[in-house]
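A.B. asks: Have a look at the structure that comes next, please.
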Amino acid sequence: MRLLLRADANPTIGAGHLARCVAIAEEAVARGWTVTLTGTLTGVDWLTTHLTTLGVEIRPDWTDADIVLIDHYGAITPPEARLVSLEDGPHGRRKADVAVDCNLAPTPRPADGTPLILRGPTYAPIRTAVRTRRSHPTPSPHPRVVVSMGGGTTSQAVSAAVAALHATNLPLHITAVSTTPLNPTATRFPRFPAPTTVEPGDPPDRLASAEAGGLPADRLASAEASNLPADRLAPAEAGGPPADRLAPAEAGGLPADRLASAETGGLPADRLAPAETGGLPAGRLAPIETGGLPVDHLASAEAGGLLAGRLASIETGNLPAGHRPAPAAEASAPPSARSAPVEIEVVRPHPDLPALLASADLVISAAGVTLLELCCLGVPTAVAVIADNQVPNYTAAVAQGLAAGLGDLTDPAAVDTLHHLLITPTARHDLARAASRAVDGHGARRILDAAAQLTVRRATPADADRLLAWRNDPGTRRWSVNPDPVSPETHRRWLAQDRRLLIAEEAGVPVGVVRFDPVPDGVEVSITIAPEARGRGLARPILQAAQDTIPGTRLLARVHADNTASRRLFASAGYRLVTEDRPFLTYRY
């Protein structure tokens, strides 16, 4: 079978279309199909390299194929072949032999002559790297949070998510996936003249401002122009006093965690707030000409309120982003008791990203293809909308309890939602469990079964002669427990026994049989492919389609030790070798 895939990927439209095609390619290659992909691919090396490893040819133009699968929103005229269209509601909709809308809330589809429409997340194509990492990690003392908004996300969306996490004032380890530097402060407060920047690959807890010469963001201090770190270095003007507590000379040499505005006469900033600022909470903000520098992690007035544990706007005197005034008890506590350690690192998209996501206590994502992968992983997820076509998925995920809704990441309500999730492990667990049930990861198999018109049905008396011919074929008898030919009379008695016998058909033509026989410790499964259909990669999809008819059954298979193809089949289908009673081996599912 020849399969041609059509998809584009770049930093603007993202990698979702290509990721779905990668999942389809993996399944097709496992079936022994020849796979080719055409499209314009930019900045997605972690996916194209994997395709090359699979043996998929990537080319700029069309080629002949038996099946063409299009995952693209534009109008396309494919070559003559059986056509499969991957769609997202009205986006990418076209007349096809098979249409697939795998989103959590597929929309009604006007009749256009498409005979088969596959709807819902059971048809979501999920890459092997994701499916094989379905797990539930043990929560860590400092929650591990990953921000992964999709391949086409601008740094602004990732930065907004990082800023919202900072505003929870909880101890966190944040890994942000981005191809460009992040500006959390600039994203949340766009009028700031000099944003904090974080380059991909910067080590955790070392956020630095370009204007500050790359100093850690949670150690920056205001010295009008120098931005020296308050608890580590003292400015030259101060004569080099002890480095771990001195503040810039302009601030009068007060300890770094007690800096106050010159206008307030040097009073400790975490105790008093001037009338000019309207009584901002004493434990958090102190006015320095513009009113609103966070006290527990000093920020530069020149840099406009650099990322500092809890963000504050120095132009408008805002309270820390997303939070109400601190209670009196918090205001009177020492700074060390109020300051939450936060580590941040920025990484570029890479092949091991599914492993990173699977290890997280919480992931912040957009409501695109990445959301479906996160559901499959069973990772607690908070979701936002960054494109119009994500609204249905977002709404459905939140309504079905598969993810927590953040809405607008710059809204204080998003911070409250994140705070609740991060301090409530049971809430995260409930989201993860529901999500993993919604997306099992086998959508690619189901799509290709439909594309190849592969179905299974119960055997009938009309199948008797065909089944006898398949049983007595030399290629079948070679690996049978009883290699002798079977007589028609013996065959009729065998068919009359209590067993589940399923005929697999491709486009209505019988191509194989799967047999389920009750045994003391479960159900034994056997499979035979029609001699004329062998070598086409049908065994695995036929076996899996048959297994889908008896979910949850304890299965085992006996395989001749020299039957390499059959051993490989059951191993690839998730069976494991349990006993060796040569010449036969026993596998259990």
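A.B. asks: Given the criteria among the charged types (D, E, K, R), part of a helix (DSSP H, G or I), touching a strand residue (DSSP E or B) at 6+ places or on another chain (Cβ under 8 Å) and within 26 Å of residue 159 (Cβ to Cβ), does residue 428 qualify?
C.D. replies: On the way: among the charged types (D, E, K, R): yes; part of a helix (DSSP H, G or I): yes; touching a strand residue (DSSP E or B) at 6+ places or on another chain (Cβ under 8 Å): yes; within 26 Å of residue 159 (Cβ to Cβ): yes.
Against the criterion (among the charged types (D, E, K, R), part of a helix (DSSP H, G or I), touching a strand residue (DSSP E or B) at 6+ places or on another chain (Cβ under 8 Å) and within 26 Å of residue 159 (Cβ to Cβ)), residue 428 qualifies.
A.B. asks: Moving on to the next point. Does residue 406 count as surrounded by 19 or more Cβ atoms within 10 Å (Cβ to Cβ), part of a strand (DSSP E or B) and not aromatic (Phe, Trp, Tyr)?
C.D. replies: The answer is yes for residue 406.
A.B. asks: With a cut-off of at least 1 residues that are without any contact (Cβ under 8 Å) to a residue 24 or more places away in the chain and surrounded by 13 or more Cβ atoms within 10 Å (Cβ to Cβ), name the helices (runs of 4 or more DSSP H) lying wholly within segment 484-589.
C.D. replies: The helices (runs of 4 or more DSSP H) meeting that bar are 488-495, 564-572.
A.B. asks: Right, here's the next one. Any idea which residue in segment 342-351 is nearest to residue 86 (Cα to Cα), counting only those that are open to solvent by 10 Å² or more (accessible area, probe 1.4 Å) and at pLDDT 90 or above?
C.D. replies: Ranking the qualifying residues of segment 342-351, first place goes to 347.
A.B. asks: Pairs please, first residue from segment 158-171 and acidic (Asp, Glu), second anywhere and in a loop (DSSP other than H, G, I, E, B) and surrounded by 24 or more Cβ atoms within 10 Å (Cβ to Cβ), Cβ atoms under 7 Å, 6+ apart in sequence or on different chains.
C.D. replies: none
A.B. asks: Being crowded, with 17+ Cβ neighbours inside 10 Å, assigned to a strand (DSSP E or B) and of a type outside the set (Ser, Thr, Tyr) narrows it down to one residue among 99, 129, 105; which is it?
C.D. replies: Exactly one residue qualifies, and that residue is 99.
A.B. asks: Counting just the residues of segment 371-389 that are surrounded by fewer than 24 Cβ atoms within 10 Å (Cβ to Cβ) and out of contact with any strand residue (DSSP E or B) (no Cβ under 6 Å at 6 or more places or on another chain), which one comes out modelled with the highest pLDDT?
C.D. replies: 378
A.B. asks: Do you know which of the residues in segment 78-95 that are in a loop (DSSP other than H, G, I, E, B) and touching a residue at least 24 places away in the same chain (Cβ under 8 Å) is nearest to the chain's Cα centre (by Cα)? Walk me through it before giving the result.
C.D. replies: Of segment 78-95, the ones in a loop (DSSP other than H, G, I, E, B) are 78-81, 89-90, 92-95.
Narrowing the set further to residues that are touching a residue at least 24 places away in the same chain (Cβ under 8 Å) leaves 78-79, 81, 89, 94.
Working: 78: 30, 79: 33, 81: 32, 89: 20, 94: 27 Å.
Residue satisfying both the conditions and the ranking: 89.
A.B. asks: Quickly run through segment 83-92 and pick out the residues that are open to solvent by 10 Å² or more (accessible area, probe 1.4 Å) and modelled with pLDDT under 95. Give the derivation first.
C.D. replies: Filtering segment 83-92 for residues open to solvent by 10 Å² or more (accessible area, probe 1.4 Å) gives 83, 88, 90-91.
The answer is 88, 90, 91.
A.B. asks: Closer than 30 Å to residue 4 by Cβ and either open to solvent by less than 50 Å² (accessible area, probe 1.4 Å) or touching a residue at least 24 places away in the same chain (Cβ under 8 Å) (or both): which single residue out of 452, 414, 427 fits that description?
C.D. replies: The match here is 452.
A.B. asks: Which one of 157, 75 is part of a helix (DSSP H, G or I), at pLDDT below 90 and either aliphatic (A, V, I, L, M) or open to solvent by less than 30 Å² (accessible area, probe 1.4 Å) (or both)? Spell out how you get there, then give the answer.
C.D. replies: Details: 75 fails: part of a helix (DSSP H, G or I).
Every option except 157 fails the conditions.
A.B. asks: If I filter segment 108-121 down to residues being part of a loop (DSSP other than H, G, I, E, B) and either of a type in the set (Asp, Glu) or open to solvent by less than 50 Å² (accessible area, probe 1.4 Å) (or both), which single residue comes out as nearest to residue 447 (Cα to Cα)?
C.D. replies: In this case the residue turns out to be 120.
A.B. asks: Also, quick follow-up: Does residue 449 count as part of a helix (DSSP H, G or I) and over 26 Å from residue 130 (Cβ atoms)?
C.D. replies: Details: part of a helix (DSSP H, G or I): yes; over 26 Å from residue 130 (Cβ atoms): no.
No.
A.B. asks: For segment 2-29: of the residues being surrounded by fewer than 19 Cβ atoms within 10 Å (Cβ to Cβ) and over 19 Å from the mean Cα position of the chain (by Cα), which is farthest from residue 568 (Cα to Cα)?
C.D. replies: 2
A.B. asks: I've got another one for you. Just checking, does segment 341-356 include any residue being among the aliphatic types (A, V, I, L, M) and in a loop (DSSP other than H, G, I, E, B)? Even if it seems obvious, please write down each step before you answer.
C.D. replies: As a first pass, look at segment 341-356 and keep what is among the aliphatic types (A, V, I, L, M): 342, 344, 346-347, 353, 355-356.
If we keep only those that are in a loop (DSSP other than H, G, I, E, B) too, we end up with none.
No: zero hits.
The values are calculated or read from the model by the stated rules, or taken from the named source; none is laboratory data. Just so it is clear, the model here is predicted, and its values are computed rather than measured. Because the Cβ atoms are built from the backbone with ideal geometry, glycine has one as well, and the counts that use them run over all protein chains shown. The protein model used for the area step is the full one, side chains on, heavy atoms only, and it has no ligands, DNA or RNA in it. Shrake-Rupley method; radii C 1.70, N 1.55, O 1.52, S 1.80 Å.
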